[in-house]
1. Quick one: count up the residues across the stretch 74-122 that are at pLDDT 90 or above and of a type in the set (S, T, N, Q).
2. For a quick check of your reading of the model, give me the residue pairs whose first member lies in the stretch 192-214 and is within 9 Å of Ala262 (Cβ to Cβ), whose second is exposed (fewer than 15 other Cβ atoms within 10 Å of the Cβ), with beta-carbon atoms closer than 8 Å and at least 6 apart or on different chains.
3. Restrict the check to the stretch 16-39 and report whether at least one residue is in contact with a helix residue (DSSP H, G or I) (Cβ under 8 Å, 6 or more places away or on another chain), assigned to a helix (DSSP H, G or I) and at pLDDT 80 or above.
4. Could you tell me which residue of the stretch 85-108 is nearest to Ser44 (Cα to Cα), considering only residues that are assigned to a helix (DSSP H, G or I) and without any contact (Cβ under 8 Å) to a residue 12 or more places away in the chain?
5. Going by the conditions given, is Thr54 of a type in the set (Val, Ile, Thr), closer than 15 Å to Lys132 by Cα and in a helix (DSSP H, G or I)?
6. What is the number of the single condition among (1) touching a Ser or Thr at 6+ places or on another chain (Cβ under 8 Å); (2) loosely packed, with under 13 Cβ neighbours inside 10 Å that Gly105 does not meet?
7. Go through the residues of the stretch 283-292 one by one and say whether even a single one is touching a residue at least 24 places away in the same chain (Cβ under 8 Å) and part of a helix (DSSP H, G or I).
8. Is it fair to say Thr250 is of a type outside the set (Phe, Trp, Tyr) and modelled with pLDDT of 95 or more?
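The values are calculated or read from the model by the stated rules, or taken from the named source; none is laboratory data. This structure is a prediction, so every number in the text was calculated from the model and none was measured. When we count neighbours, we look across all protein chains shown, and the Cβ atoms used for this are built from the backbone with ideal geometry, even at glycine.
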Amino acid sequence: MTDRSEVLVPAEPSPALARAGVAVERLRALRNAAERATVQTIFSRFQEGCAAKTRRAHRSDLTLFARYLAQGGVLEIDPDDSPALDAFARDLLAQPVLWELLSPGLVELFRQWLLDQGYTIAAINRALATLKTYTGLAFQADVLSEVVYQQIRFIKTTSRKQGRNIDESRAQTRLRQKDSPIEISREQARVLKRLDAGTPDTPLRRRDRLLMCLLLDHGLRVGEVADLPVTSINLKARTLHFYRHKVDKTQTHRLTRDTLAAATAYLQHDAPPVGKLLLGSHPNKGGQLAGSMSLRAIQKRVQWLALKHLGRDYPLSPHDCRHYWATQAARNGTDPFTLQEAGGWSSLAMPRRYIAEAAIANEGLRLGEEDNEID
């Protein structure tokens, strides 16, 4: 009878089997490394196939999402700190793991926040589409569960008809619709750039003059003004060197006469040695300058200056100043390509719109009466 203990004693593994085991472990390690690499590159590979305009739109939408998270206290970032918000948006575009805690409820709250902030239905739908796109990529990267992915995926966007109903019922958060800018004349722009010319200069007035010149004479977007470093202005060369976040482009403008005068006064007396160009101010500090102007502070200051110097019918925004700049350029014969370059637009659509609006609609019209002919 065979001893059972002899049967239970395992045989020594053969060298071939040992080599196979090592190979399996190596293949397993290689597989795991490949999976990790795939997860890390899934976002970048997707973005490589997107047009530059699409990538900029995604970044803009995620910067908006970052601002929402900051205002809600989820991020320890100042909601007005544009560079920090942009940096977080870049992280969202690069790191799938950051999408792990996204939930359908968070997306719904973000949509409601956009509505409360007064964003257009088109802008809201685009932001939601961006979140859905990256939610899908996060699911592919095995960061989100299929249940969460499907719940977010089936969050409905707002139809045009629903949008009209929402616009009629929701609280008005803008003084005017974005597509109806407040028109100002050249004389009114001159008033805003000089700000009580002849009165004693103060640090606050010198800063405000430079702010209004940058908006009215150079058409900078509010975020571009807020991000200007003190080194952006070269008085000797009479140039302004700045970065356009929206089109990811650095440009140089020749300073206008008014901007040069305002910049000279501000840089000689008030500007900080390093950091942001425009210092902040506080109403309780007697007009003293300190810190830096945030995006929101610029918006409020522009509106306050316009109401003070032009009257209650002119609650201007920085965008109204850019509209004035582009309108003046179009009315004075600037061609669309030059306007596109100077204004930092990614296409000719907006420059052509300004030029078309500046054209005389009845040029050359003949009415058949000599007294009414149009010269």
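1. Within the stretch 74-122, residues that are at pLDDT 90 or above and of a type in the set (S, T, N, Q) number 1.
2. Listed pairs, sorted by first residue: Arg206/His269.
3. Checked against the condition, which is being in contact with a helix residue (DSSP H, G or I) (Cβ under 8 Å, 6 or more places away or on another chain), assigned to a helix (DSSP H, G or I) and at pLDDT 80 or above, the stretch 16-39 yields no hits at all.
4. Asp91
5. yes
6. (1)
7. no
8. No: the conditions fail for Thr250.
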